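Asks: After the structure tokens below, expect a handful of questions from me.
The values are calculated or read from the model by the stated rules, or taken from the named source; none is laboratory data. This structure is a prediction, so every number in the text was calculated from the model and none was measured. All Cβ positions, even for glycine, are placed from backbone atoms using ideal geometry, and neighbour counts span all protein chains on display.
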Amino acid sequence: MIHVRQASESDLEAIGRIQAASPGASQWNPLEYLAHDCRVALLEGRVAGFLAARAIIGPETEILNLAVDPGSRRRGVGRALVADLLRRRAGDFYLEVRESNLVARRFYEHLGFRMVYRRAAYYHHPEEAAVVMKLHSC
């Protein structure tokens, strides 16, 4: 069973490890996530993934980062993190994903996100476009 809760400083090492093992994810200083709405998913008693989001304006939320430990993927961890966010907020949800990250793009599309536009040269190392995706939730 997956349990989602607010992240704390004690989770930062696990968040950093998961992020480092996820080259398609943004690579922030894990401490910065605690300034935002950061949640962790526990699977079998350990942190298996995290999601960081922030309110933009009004009923708009941006998903800043979502990553799942490679050994816990395809077990519902990412889906549980997004579902938790959607339960706690309503409105429009946005995110950017590397254009080449087809696995992530399909995952988000499966959850109902749709591409709204493309940002050329958004990412660096390597330079790549971002696909901006949006979901409207009641």
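Asks: Among the residues of the stretch 1-53 satisfying the criterion of being basic (Lys, Arg) and more than 11 Å from the chain's Cα centre (by Cα), which is nearest to residue 105 (Cα to Cα)? Can you show your working first?
Replies: The first filter runs over the stretch 1-53 and keeps only residues basic (Lys, Arg), leaving 5, 17, 39, 46.
Next, from what is left, pick out any that are more than 11 Å from the chain's Cα centre (by Cα): 5, 17, 46.
Working: 5: 25, 17: 23, 46: 26 Å.
Among those that are basic (Lys, Arg) and more than 11 Å from the chain's Cα centre (by Cα), it is 17.
Asks: Which members of the stretch 10-31 meet the condition of being among the hydroxyl-bearing types (Ser, Thr, Tyr) and either over 23 Å from residue 126 (Cβ atoms) or exposed (fewer than 12 other Cβ atoms within 10 Å of the Cβ) (or both)? Step through it out loud before you land on a result.
Replies: Kept after step one, since they are among the hydroxyl-bearing types (Ser, Thr, Tyr), are these residues of the stretch 10-31: 10, 22, 26.
The one that is among the hydroxyl-bearing types (Ser, Thr, Tyr) and either over 23 Å from residue 126 (Cβ atoms) or exposed (fewer than 12 other Cβ atoms within 10 Å of the Cβ) (or both): 10.
Asks: So is residue 104 over 22 Å from residue 128 (Cβ atoms), under 12 Å from the mean Cα position of the chain (by Cα) and either of a type in the set (Gly, Ala, Ser) or crowded, with 21+ Cβ neighbours inside 10 Å (or both) or not? Spell out how you get there, then give the answer.
Replies: Numbers: over 22 Å from residue 128 (Cβ atoms): no; under 12 Å from the mean Cα position of the chain (by Cα): yes; either of a type in the set (Gly, Ala, Ser) or crowded, with 21+ Cβ neighbours inside 10 Å (or both): yes.
Against the criterion (over 22 Å from residue 128 (Cβ atoms), under 12 Å from the mean Cα position of the chain (by Cα) and either of a type in the set (Gly, Ala, Ser) or crowded, with 21+ Cβ neighbours inside 10 Å (or both)), residue 104 does not qualify.
Asks: Any chance you could count how many residues in the stretch 1-23 are within 18 Å of residue 85 (Cα to Cα), out of contact with any Asp or Glu (no Cβ under 7 Å at 6 or more places or on another chain) and either aromatic (Phe, Trp, Tyr) or modelled with pLDDT of 95 or more (or both)? Lay out the reasoning, then the answer.
Replies: In the first step, residues of the stretch 1-23 are kept if they are within 18 Å of residue 85 (Cα to Cα); the result is 1-8, 15.
Subset that is out of contact with any Asp or Glu (no Cβ under 7 Å at 6 or more places or on another chain): 1-3, 5-8, 15.
Imposing the further condition that a residue be either aromatic (Phe, Trp, Tyr) or modelled with pLDDT of 95 or more (or both) reduces the set to 2-3, 5-8, 15.
Within the stretch 1-23, residues that are within 18 Å of residue 85 (Cα to Cα), out of contact with any Asp or Glu (no Cβ under 7 Å at 6 or more places or on another chain) and either aromatic (Phe, Trp, Tyr) or modelled with pLDDT of 95 or more (or both) number 7.
Asks: Follow-up. Are there any pairs with C-beta distances below 8 angstrom linking a residue in the stretch 23-46 that is free of Cβ contacts under 8 Å to residues at least 60 places away in the same chain and among the aliphatic types (A, V, I, L, M) to a residue that is crowded, with 19+ Cβ neighbours inside 10 Å and in a loop (DSSP other than H, G, I, E, B), with the two at least 6 apart or on different chains, and if so which?
Replies: Pairs found: 34/7; 40/7.
Asks: Return the total of residues in the stretch 84-132 being aliphatic (A, V, I, L, M), in contact (Cβ under 8 Å) with a residue 12 or more places away in the chain and either over 16 Å from residue 26 (Cα atoms) or part of a loop (DSSP other than H, G, I, E, B) (or both).
Replies: The first filter runs over the stretch 84-132 and keeps only residues aliphatic (A, V, I, L, M), leaving 85-86, 90, 95, 97, 102-104, 111, 115-116, 120-121, 129-132.
From what's left, in contact (Cβ under 8 Å) with a residue 12 or more places away in the chain: 85-86, 90, 95, 97, 103-104, 111, 115-116, 129-132.
Subset that is either over 16 Å from residue 26 (Cα atoms) or part of a loop (DSSP other than H, G, I, E, B) (or both): 85-86, 90, 111, 115-116.
The total comes to 6.
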